[in-house]
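Let me begin by presenting the structure, written as structure tokens, before commenting on it.
The values are calculated or read from the model by the stated rules, or taken from the named source; none is laboratory data. The shown structure was predicted, so the numbers you read here are calculated from the model rather than taken from an experiment. Surface areas here come from the heavy atoms of the whole protein model, side chains and all, with no ligands, DNA or RNA. Shrake-Rupley method; radii C 1.70, N 1.55, O 1.52, S 1.80 Å.
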Amino acid sequence: MKPKVGIGITTYEDIRSPEFGYALYEALVATSPKLAPYRIDVIAERYEVSGPQDFVSCWCNERRLIVRPKYGVAPSYHAPFEFGADWRTKGVLSGSGNVFFGSRDPNDPSTLTIQHNYATRVNWKALFQRLVEVFKPAHGNLHVFTERELEIAGEGRFAFRAPITGEATFTQWKTKIGTWGGPDPWETTERRKYRFLPDLAWGNFLGVEFSGRFDRKALLETSSAPAELDRGILFHVTEKLSDVVDRHSLFEEERAKLRTVFAADFFRSE
């Protein structure tokens with residue numbers, strides 16, 4: 001298994017605007033021209049991408065869902081849905097990305113997920129920081145997915161197989177009977193209180209939704225290259241992303257130290 005790098009963003013910003021599509025495209029190409037998308041899929045439709053205008057034109061797509069109950073019965077038309085783009089890149093940094101839009105409710109999050117072949121020459125750290133600045137997330141993560149992660153999963157631990165996204169990841173808990181519980185959909189205040197995290201990625205952004213769940217001073221002193229931004233803290237477990245691949249023992253040691261600055265029940269095993 002060749003290492004893959006992934007970035008996950010969960011945000012409550014309204015990112016439907018074309019300016020977010022432009023900013024993402026520019027960030028990808030500035031990081032490496034080989035990260036430029038060449039194709040976008042919207043449901044069953046496929047579009048070629050030759051530049052930022054093509055990419056942005058498919059960033060947010062409105063479609064009506066048609067339901068045909070049975071033959072001979074007139075179809076019903078649902079209110080328009082807004083679908084985000086799924087894009088692909090090819091070559092040595094081949095990969096994919098996806099944007100998902102929540103409802104128009106400002107308390108309904110949207111997500112951004114990016115995965116590519118990993119290469120040490122690419123400044124993934126700078127790309128992650130730029131996306132945090134643009135999308136103003138509640139949570140963001142940057143990690144490399146390796147064969148070692150599969151071994152960790154075999155040991156009963158959480159393993160990064162893909163970027164972490166989605167409100168439920170940070171708000172749901174396992175009940176005594178083994179089912180998942182969480183805030184009711186209308187409890188918007190409770191939904192914006194992020195209580196849990198599966199584990200720390202190499203690069204992390206924790207927004208104000210995580211307030212009270214960690215020792216801020218200790219996190220700033222213990223993590224690598226921390227930065228206090230408008231809506232939270234951006235930090236890294238070690239100095240280099242390549243440590244996840246080449247110095248995994250060091251990465252695990254430093255991650256274990258960082259875990260101690262969080263609440264005792266912050267990291268859930270499932």
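For this structure, a couple of remarks:
- From phi via Karplus (6.51, -1.76, 1.60), per-residue ³J(HN,Hα) for the range 53-60 in Hz, x at Gly/Pro: 5, 4, 5, 5, 5, 10, 5, 10
- Listed residues 152, 40, 15, most fluctuating in the chain (Gaussian network, C-alpha, under 10 Å): 152
- Counting protein heavy atoms only, the chain has 51 percent of its accessible area on carbon and sulfur, 1.4 angstrom probe.
- Reachable lysines from residue 125, criterion Cα separation under 24 angstrom, eight or more residues apart if same chain: 2, 4, 34, 90, 136, 217, 240, 257
- Lysines with Cα under 17 Å of residue 174, excluding same-chain neighbours fewer than 8 positions away: 193
- Span from the the range 9-42 Cα centroid across to the the range 78-146 one, whole angstrom: 8
- Three-way shape call for the chain based on the alpha-carbon gyration tensor, with the a/c threshold at 1.5: oblate
- In the context of the full set of protein chains, the chain has a per residue accessible area of 50 Å² (1.4 Å probe).
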